[in-house]
């Protein structure tokens, strides 16, 4: 049995995105656990892990954000296939190798079969590397990675019964990296699979930079020297060095967020230009041009008088 778990802070978001996706992917015997948030995301996820661990027939627990939407009707079959390796503990739709910190995307991203849909500027989306099958680059491959994006993740029965999110690290940031690090430290694998999912999220990728920096520092200190590659290459790991690296990573995320917003605005501008051109060239616009001419002439005269 594959169970689904979601931590709710906004029932409206859950009803709009997570619930329809779960209903599409779930099987007749799937257990669906929508947990009303009473604390941090990490605390609520641990409660869901506790519940799932008690299911004797558990095959996997899928944890997803309330703004994440599964759009893959073969989701459960793909999760089963990815977890058919007894050493596989965590499955995600996007992941990278060479990851040194909670900024997992700064590693070499090997797979990303999701798209980011945003509401700003009339709405739009940024498809990730492997979202469109026909456009997936040859280097993109599913398989073992260092860390995955945790907005949708499936965990094995072993992980549900042996791993827990470290609530001392903060409320939301870096939990996925730390969870993957725990699995790897226990000799288990973190893998990606071709899971088609949508993240309905604003273009503000980090809403509270200070909270993100705090999580970055805590997790770097936790895993420094304990897991190959994590925290390496950073030089002197004193507090100022840790904070400097965290601030630099946060600034890169903010810069990327600004880039996304600018691109979204440009896309909307192009769409409006196209709509204006189509409207101006329409038969109705041309036919009514003589009717608009007197009003246009009066406005020009008025503007000319006002300018003098």
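Annotations for the structure displayed:
- Verdict on residue 119 being on the phi < 0 side of the Ramachandran plot and over 18 Å from the mean Cα position of the chain (by Cα): no
- Exactly one residue among 104, 158 is closer than 21 Å to residue 254 by Cα and touching a strand residue (DSSP E or B) at 6+ places or on another chain (Cβ under 7 Å), and that residue is 104.
- Checking each residue in region 104-160 for being assigned to a loop (DSSP other than H, G, I, E, B), buried (at least 18 other Cβ atoms within 10 Å of the Cβ) and free of Cβ contacts under 8 Å to residues at least 40 places away in the same chain picks out only 128.
- Check on residue 69, buried (at least 20 other Cβ atoms within 10 Å of the Cβ), touching a residue at least 24 places away in the same chain (Cβ under 8 Å) and more than 26 Å from residue 184 (Cβ to Cβ): yes
- Lone unmet requirement of (1) assigned to a helix (DSSP H, G or I); (2) closer than 24 Å to residue 15 by Cβ; (3) under 13 Å from the mean Cα position of the chain (by Cα) for residue 76: (3)
- Residue 181 being buried (at least 22 other Cβ atoms within 10 Å of the Cβ), outside any strand (DSSP E or B) and either in contact (Cβ under 8 Å) with a residue 40 or more places away in the chain or under 18 Å from the mean Cα position of the chain (by Cα) (or both): yes
- Residue within region 89-98 that is out of contact with any strand residue (DSSP E or B) (no Cβ under 6 Å at 6 or more places or on another chain) and surrounded by fewer than 24 Cβ atoms within 10 Å (Cβ to Cβ) present: no
- Filtered residue count, region 1-30, keeping only those that are without any contact (Cβ under 8 Å) to a residue 40 or more places away in the chain and surrounded by 13 or more Cβ atoms within 10 Å (Cβ to Cβ): 2
- Filtering region 214-235 to residues that are modelled with pLDDT under 85 and under 15 Å from residue 248 (Cβ atoms) leaves 231, 233, 234, 235.
- For region 20-61, a residue qualifies if it is within 21 Å of the chain's Cα centre (by Cα), closer than 22 Å to residue 79 by Cα and assigned to a loop (DSSP other than H, G, I, E, B), and exactly one does: 26.
- So residue 253, is it within 22 Å of the chain's Cα centre (by Cα) and modelled with pLDDT of 85 or more: no
- Criterion: crowded, with 16+ Cβ neighbours inside 10 Å, more than 20 Å from residue 212 (Cβ to Cβ) and at pLDDT below 95 - qualifying residue of 34, 52: 34
The values are calculated or read from the model by the stated rules, or taken from the named source; none is laboratory data. Nothing here was measured: the structure is a model prediction, and the numbers come from that model. A quick note on method: Cβ atoms are made from the backbone with ideal geometry, for glycine too, and the neighbour counts reach across all protein chains shown.
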